[in-house]
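Here is the structure we will look at.
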Amino acid sequence: PFEVVLREGDRERRIPAQVLLADAALVAEAEAAKLSGDARPAEEQTNSGLAQVEVAEAGTLALTAQPAQPGTHALWLRMKLSEGGATRFTVRVDGEERDVRALGMIGFSDWTSPTNAATKIFAHYGEMHGHWLWWRLPEIELPAGEHRVEIVAGAGQSFDAVTLLPQTQEVDRAAMNLLHTWNFAPW
């Protein structure tokens, strides 16, 4: 931690700051994944990498994760759910499956459930559908080394980016604050 000091004349303002470096096991554009089934890349100027993966019925995105250290990780997905589309998907890590439900939350109501991918929403606006949101799936235990991570998606789900970060209080808070305010728009 450190302070940034701003001075103007006799006035001084001190702003506390901290640098946090997270050794991510995976950071990838969704369209860089090995795609199968009905998962298809699509150009999209407002997304990172200028593309996304769309799933009309059912499809799989397969990626490789390589944590340098063993430990608990959280999978973060920049995902959009279409109105009436599936809110459930499956995550496989080295063949071990976990069925997941996308759950919009207010505050941190169900942040720790290993069967929920949680995201922040404003309840009054119903933004869970039709908007790009970051979804967090906790409690993924990984030993050091290479691992196959698969997202088995359902109808009406789209993906932009995928990251697997160490699950610590500091990294989770920083990721929640940073990712939910990130705008990939090119302008």
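The values are calculated or read from the model by the stated rules, or taken from the named source; none is laboratory data. Please read all numbers here as calculations on a predicted model, not as lab measurements. Don't worry about glycine lacking a Cβ; one is built from the backbone with ideal geometry, like all the others, and counts go over all protein chains shown. Only protein heavy atoms, including side chains, enter the accessible area calculation; ligands, DNA and RNA are left aside. Shrake-Rupley method; radii C 1.70, N 1.55, O 1.52, S 1.80 Å.
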When restricted to Asp23, Asp38, the only residue surrounded by 15 or more Cβ atoms within 10 Å (Cβ to Cβ), touching a strand residue (DSSP E or B) at 6+ places or on another chain (Cβ under 8 Å) and over 15 Å from Met79 (Cβ atoms) is Asp38
Counting only strands (runs of 3 or more DSSP E) wholly inside segment 2-96, the ones holding at least 1 residues that are in contact with a His (Cβ under 8 Å, 6 or more places away or on another chain) and at pLDDT 95 or above are 51-65, 88-93
Within segment 149-179, restricting to residues that are under 13 Å from Leu75 (Cα atoms) and of a type in the set (D, E, K, R), the one that is farthest from the chain's Cα centre (by Cα) is Glu150
- Considering every residue within segment 102-118, establish whether at least one is among the acidic types (Asp, Glu), without any contact (Cβ under 8 Å) to a residue 24 or more places away in the chain and assigned to a loop (DSSP other than H, G, I, E, B). yes
Picked from segment 58-100 (must be at positive phi and in contact (Cβ under 8 Å) with a residue 60 or more places away in the chain), the residue surrounded by the fewest Cβ atoms within 10 Å (Cβ to Cβ) is Gly84
Exception for Gln45 within (1) over 18 Å from Ser82 (Cα atoms); (2) open to solvent by less than 80 Å² (accessible area, probe 1.4 Å) falls at (2)
